[in-house]
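Okay, structure first, notes after.
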Amino acid sequence: MSEKLPFKQSMQRLEEIIGTLEKNEIELEEAISLFEEGLKLVNSCDSQLKNFENKVEELLKTYQEDSSNV
């Protein structure tokens, strides 16, 4: 998984990985590989959420500044 997936797709993939790991029906090597992929997805989602949060804060700040100038 080298490309960065959109947030929704990342979350869906995480759900798939969790479901597979919870079944406990795969070989240890595959489980480790999926776990590693899951950690990368978690980091990616966390980063995207922080970016979304920053953008919302910027928008709110701009909106509040515009509103106070009216």
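Using only Cα atoms and rounding to the nearest 10 degrees, what angle (0 to 90) does helix 7-23 make with the longest principal axis of the chain?
That works out to roughly 30 degrees.
In straight Cα distance, which lysines are under 24 Å from LYS4, not counting same-chain residues fewer than 8 positions off?
Here the lysines satisfying the reach criterion relative to LYS4 are LYS40, LYS50, LYS55.
Between GLU37 and LEU59, what is the spin-label point distance in nm, taking each point 7 Å from the Cα along the Cα→C-beta axis?
In this crude label model, GLU37 to LEU59 measures out at 3.2 nm.
Mind jotting down the three principal axis lengths of the chain based on Cα atoms? Whole angstrom, largest first.
64, 21, 13
Say each of LYS4 and ASP66 gets a label point 7 Å from the Cα, pointing the same way as Cα to Cβ; how far apart are those two points in nm?
My value for the distance between the label points is 2.6 nm.
Readers should treat all values here as calculations from the given coordinates under stated rules, not as data from a laboratory. Since the structure is predicted, the reported quantities are computational estimates derived from the model, not experimental observations. Note: ideal-geometry Cβ built from the backbone for every residue, glycine included; neighbour counts use all protein chains shown.
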